[in-house]
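The values are calculated or read from the model by the stated rules, or taken from the named source; none is laboratory data. No experiment lies behind these values; they were computed from the predicted model shown. A quick note on method: Cβ atoms are made from the backbone with ideal geometry, for glycine too, and the neighbour counts reach across all protein chains shown. What goes into the accessible areas is simple: the full protein's heavy atoms, side chains included, and nothing from ligands, DNA or RNA. Shrake-Rupley method; radii C 1.70, N 1.55, O 1.52, S 1.80 Å.
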Amino acid sequence: MIRFLRGYIKIRVSGYSPERFLNACSHKGICLWGLKPVRGAYEMYTDARSLKKMKAVLKKTGTKAEITGRYGLPFFLHRYRKRKVFFAGIFFCAALIYIFSLFIWEIDIEGNLRRTDEAILSFLDSEDVRHGMPVSKVDCSRIASRIREEYSDIIWVSASIQGAKLVIRVKENEDLSQEEPSADSEEKAEDSKKGTDLVADRDCTIVSIVTRNGIPAVKAGSKVKKGDILVSGRVEMKNDAGEVTGYRYREADADIKGEYIQQYENTVEREYPVKDYIKERNQPVKKSQWYLRIGPWTASLGSIENKYENCEYRAWEKDLKLGDSFILPVSFGEREVVPYKTHRESLTDEEIQQDLSRAFALWCEELEKKGVEIIRNDVKIYTEQKKASAKGSVTLQGEVAEKRDTEILPDPERETLETERENQNGND
């Protein structure tokens, strides 16, 4: 960079003894680099300021130096010194880039799984955080705070500015049911006398149950129906005589696996539509429209208006940017519409069986991703004249519990006192 700013030249040294010239330059502290032999001479680079020092060395050693190239900013400016519009364009572009760098042109959201980018961007827009806003008005700490306040399942947020891009990273609570309750929350639950039970979300046979909190109501091997209590959040309080004197309520927590049967059915039509793109001179017929987008303004060339009966719309767009972070508010792209006709084709028995088998394999993969184990598979393929279907039952093993509020019962001691008081009032 320093050499470019100062300017440097490429020279070719020839003569009876170029080696003496090199030794003399080294003795006088003249910097040379990129030395290589070329046709009985030497080519090398040196800075422009060293030419004056070289004259005495060249004369003393009887060598000749020929300048073969000039490089660097000084020579560049001298070469184009008469092109005023060119330099004005350079300064104009630099000023334009600087102005663009004062605004946010892209908002990138990372880590969101439950909510789409559009949903979070809509919320940010209501908070006056949007594309095209000045960088000086972006308050990253406020943005992170407002997102945490708006979405209770987001446990961590960071906002940062990278060039002309606002990057928002979020961390969602992947399983709210596995949060460890704090001491304060337990006391509040006790005070308000609220709890939750774990109930069966389907008819099944319990395979295993590991209880962490609550009173288990079933054991391995028990057959339960949908809605039956598996782990109760109501804990009985007893006296020395073993009598129930009251209840405490907890949030039931357990790992419960059950075995159940799930029906599977998928139907595929034997005939399916196929597109035939219309061609002229062996080239697909299409209408194209190029466009240039600068901020909110768009300029287009061509038109895609048409009266095609069936057509396919395609589009692509590319943003202009400097590096990875500096996004310019300029993009260009193309829209096109391609007409086509359709005809129907029929699948063979082998093809339709492959499609149904592939769909069933994907369904099984989705179950395995959710932690569901396939115990037995009784699905079969049935082919008919116009369609085919895969039907049957699959025996599965997986989580079968869901939460439900615990039924609140009156304390036995309080109920007895109220009964005695009512009897006494009746006798009176």
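Odds and ends about this structure:
- When the chain is treated as a GNM with alpha-carbon contacts under 10 Å, the residue of Ala254, Ala24, Ala388 showing the greatest mean-square fluctuation is Ala24.
- Accessible heavy-atom area order of Thr383, Thr61, highest first, probe of 1.4 Å: Thr383, Thr61
- Between Asn282 and Tyr313, the C-beta separation translates, for a Förster distance of 22 Å, into a calculated FRET efficiency of about 0.45.
- Within the shell of other residues whose beta carbon sits under 12 angstrom from the beta carbon of Met133, the net charge comes to -3, with Lys and Arg scored +1 and Asp and Glu -1.
- Rounded to the nearest 10 Å², the accessible area of Trp105 at probe 1.4 Å: 60
- Using heavy atoms of the protein chains and a probe of 1.4 Å, the accessible area assigned to Ser17 is about 20 Å².
- Residue-span extension gain [Arg344 to Glu407] - 0.36 nm each, minus C-alpha spacing: 16.8 nm
- In the chain, the calculated helix contribution to ellipticity at 222 nm averages -8500 deg cm²/dmol per residue, counting -39,500 (n - 2.57) for every DSSP H run with n ≥ 4.
- Percent accessible area from carbon and sulfur atoms, the chain, protein chains only, probe 1.4 Å: 50
- Placed amide H near Arg270: partners under 5 Å, 5+ positions off or other chain: Lys387, Ala388
- Only protein heavy atoms count here; under a 1.4 Å probe, His78 has an accessible surface of about 110 Å².
- Relative contact order (percent, whole number), the chain, Cα cutoff 8 Å, 6+ residue spacing: 13
- Read-out mean projected area of the Cα convex hull in nm², derived from the coordinates shown; its label in (1) 48.0; (2) 20.6; (3) 24.4: (1)
- 19 Å cut-off, amide nitrogen to a point 7 angstrom out along Glu351 Cα→Cβ, residues in region 270-285: 270-277
- Percent of beta bridges antiparallel (DSSP, the chain, rounded to nearest 5): 95
- Accessible surface area normalised per residue over the chain is 68 Å², counting heavy atoms of protein chains with a 1.4 Å rolling probe.
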